[in-house]
1. Could you check, for the range 105-119, whether at least one of its residues is in contact with a strand residue (DSSP E or B) (Cβ under 7 Å, 6 or more places away or on another chain) and closer than 17 Å to residue 54 by Cα?
2. When the range 70-84 is examined, which residues are found to be touching a strand residue (DSSP E or B) at 6+ places or on another chain (Cβ under 7 Å) and closer than 16 Å to residue 18 by Cβ?
3. Restricting to the range 26-52, give me the number of residues that are surrounded by fewer than 18 Cβ atoms within 10 Å (Cβ to Cβ) and in contact with a strand residue (DSSP E or B) (Cβ under 7 Å, 6 or more places away or on another chain).
4. Give, as residue ranges, the strands (runs of 3 or more DSSP E) completely inside the range 20-131 that count at least 2 residues that are in contact (Cβ under 8 Å) with a residue 60 or more places away in the chain and touching a helix residue (DSSP H, G or I) at 6+ places or on another chain (Cβ under 8 Å).
5. So which residues in the range 1-21 are surrounded by 17 or more Cβ atoms within 10 Å (Cβ to Cβ) and either modelled with pLDDT of 95 or more or more than 16 Å from residue 123 (Cβ to Cβ) (or both)?
């Protein structure tokens with residue numbers, strides 16, 4: 001597994017939403033896709049943040065009208081990212097150090113980050129089981 005790159009190890013594509021989407025739309029997308037987080041993109045498709053099930057639970061707890069609130073109100077705009085060709089050892093280190101479940105894979109384009117995928121702890125555990 002250690003010789004895999006990020007792009008080789010990820011198992012699924014990228015599922016995203018707009019920062020302007022409602023939380024109701026975001027939760028529906030997560031349920032339909034059976035995922036625990038969405039990459040949030042701006043109008044041009046560049047990385048704006050990430051929203052997870054935990055963020056949705058926080059919104060539910062804080063606001064009776066949570067479904068109508070915007071993703072931008074609850075997303076995390078500070079996102080830990082990796083490039084497509086980074087080694088898996090780097091991914092594991094970031095996941096463990098930051099106690100997170102996923103990293104957004106990005107390509108740099110003119111000082112902006114274009115999301116091209118997500119690599120999760122589930123992807124790595126899958127590959128560990130095959131080793």
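The values are calculated or read from the model by the stated rules, or taken from the named source; none is laboratory data. In this text the structure is predicted, and so the values were computed from the model without any measurement. Note that we place each Cβ from the backbone using ideal geometry, even for glycine, and neighbour counts take in every protein chain shown.
1. Within the range 105-119, the first condition is being in contact with a strand residue (DSSP E or B) (Cβ under 7 Å, 6 or more places away or on another chain), and the residues that meet it are 105-107, 113-119.
Applying the additional criterion that residues be closer than 17 Å to residue 54 by Cα yields none.
No: zero hits.
2. Passing the criteria: 70, 71, 74, 75, 76, 77, 79.
3. Summing the residues that are surrounded by fewer than 18 Cβ atoms within 10 Å (Cβ to Cβ) and in contact with a strand residue (DSSP E or B) (Cβ under 7 Å, 6 or more places away or on another chain) in the range 26-52 gives 5.
4. In the range 20-131, 102-109, 112-120 are the strands (runs of 3 or more DSSP E) which contain 2 or more residues that are in contact (Cβ under 8 Å) with a residue 60 or more places away in the chain and touching a helix residue (DSSP H, G or I) at 6+ places or on another chain (Cβ under 8 Å).
5. 16, 17, 18, 19, 21
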